[in-house]
1. Quick one: what pairs do we get from segment 47-63, first residue free of Cβ contacts under 8 Å to residues at least 40 places away in the same chain and more than 12 Å from residue 15 (Cα to Cα), second part of a loop (DSSP other than H, G, I, E, B) and open to solvent by 30 Å² or more (accessible area, probe 1.4 Å), C-beta under 8 Å, 6+ apart or different chains?
2. Return the residue satisfying two criteria in turn: it lies in segment 23-79 and is in contact with a strand residue (DSSP E or B) (Cβ under 8 Å, 6 or more places away or on another chain) and of a type in the set (Val, Ile, Thr), and of such residues it is nearest to residue 97 (Cα to Cα).
3. Residue pairs, Cβ under 8 Å, 6 or more apart or interchain, first in segment 163-177 and on the phi > 0 side of the Ramachandran plot, second open to solvent by 20 Å² or more (accessible area, probe 1.4 Å) and not hydrophobic (A, V, I, L, M, F, W, C). List them.
4. Output the number of residues of segment 115-127 satisfying the condition of being open to solvent by 30 Å² or more (accessible area, probe 1.4 Å) and more than 12 Å from residue 151 (Cα to Cα).
5. Considering each of 25, 48 in turn, give the residue that is farther than 21 Å from residue 136 by Cβ, β-branched (Val, Ile, Thr), over 15 Å from the mean Cα position of the chain (by Cα) and not in a strand (DSSP E or B).
6. Assess whether residue 52 counts as being open to solvent by 30 Å² or more (accessible area, probe 1.4 Å) and not acidic (Asp, Glu).
7. For segment 1-22, which positions are small (Gly, Ala, Ser) and either outside any loop (DSSP other than H, G, I, E, B) or under 30 Å from residue 170 (Cβ atoms) (or both)?
8. Mind checking which pairs have a first residue in segment 129-145 that is buried (at least 20 other Cβ atoms within 10 Å of the Cβ) and a second that is assigned to a loop (DSSP other than H, G, I, E, B) and small (Gly, Ala, Ser), Cβ under 7 Å, 6 or more apart or different chains?
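The values are calculated or read from the model by the stated rules, or taken from the named source; none is laboratory data. This structure is a prediction, so every number in the text was calculated from the model and none was measured. Please note: Cβ atoms are built from the backbone with ideal geometry, for glycine as well, and neighbour counts cover all protein chains shown. Remember, those area values only see protein heavy atoms, side chains included, never the ligands or the DNA or RNA. Shrake-Rupley method; radii C 1.70, N 1.55, O 1.52, S 1.80 Å.
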Amino acid sequence: MPQAPLSTARLLLTPLAPEHLDHEIELDTDPQVMRYLFNGRPRPRADIVEAHHRRLVVAQDHPGLGYWTGFLDGAFVGWWVLLPVLDDGVARPDEAEVGYRLLPRFWRQGLASEGSIALLHQAFTGLGLQRVIAQTMAVNEASRATMSKIGLRYLRTFHETWDEPIAGYEHGEVEYAVSRDEWLAKHPA
């Protein structure tokens, strides 16, 4: 199944395409956006270009999964992802990870939740996945609130090794999840 465009009451989510690179650069060079990611700083353009090419391949290698670029009334908002969960480089067959990255001017408007709910619906009713997870830094309260709002439940806190630790790393990462049965009980197809 190819990656499908999705829409919500306010958003148009289109599969990531080569012409979206400038949007990714805008997103990944914003210090507020990158606060809890990678080394906590904006990414250099060359790194973003390389990441863009890797992101495009996800949809080719994992049909139905990938990155979606979000627009509100034609304005770029950010991107949403439904990515394979890997064990030693091998994708788990019935599981994916949901995520989002939005420009600060679109924060706290319910858009991260709205786009994520569309991806969860796609994951469970369109792709037949059995479980979706999400992860963030424990100190990223806004992202954790979004995960709870969209129906994921807290599973665990874990610690990773950071080459360049950023503020809050010592509190670890958190993982949330929802199963297909849990999702469909609250959102009948």
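1. That search, which allows pairs on different chains as well, returns 48/29; 51/43.
2. 58
3. Cβ pairs passing all conditions: 168/36; 168/140; 172/157; 172/159; 172/160.
4. So the answer is 3.
5. The unique qualifying residue is 25.
6. Spelling it out, it is not the case that residue 52 is open to solvent by 30 Å² or more (accessible area, probe 1.4 Å) and not acidic (Asp, Glu).
7. Answer for segment 1-22, where residues must be small (Gly, Ala, Ser) and either outside any loop (DSSP other than H, G, I, E, B) or under 30 Å from residue 170 (Cβ atoms) (or both): just 7.
8. Listed pairs, sorted by first residue: 137/168.
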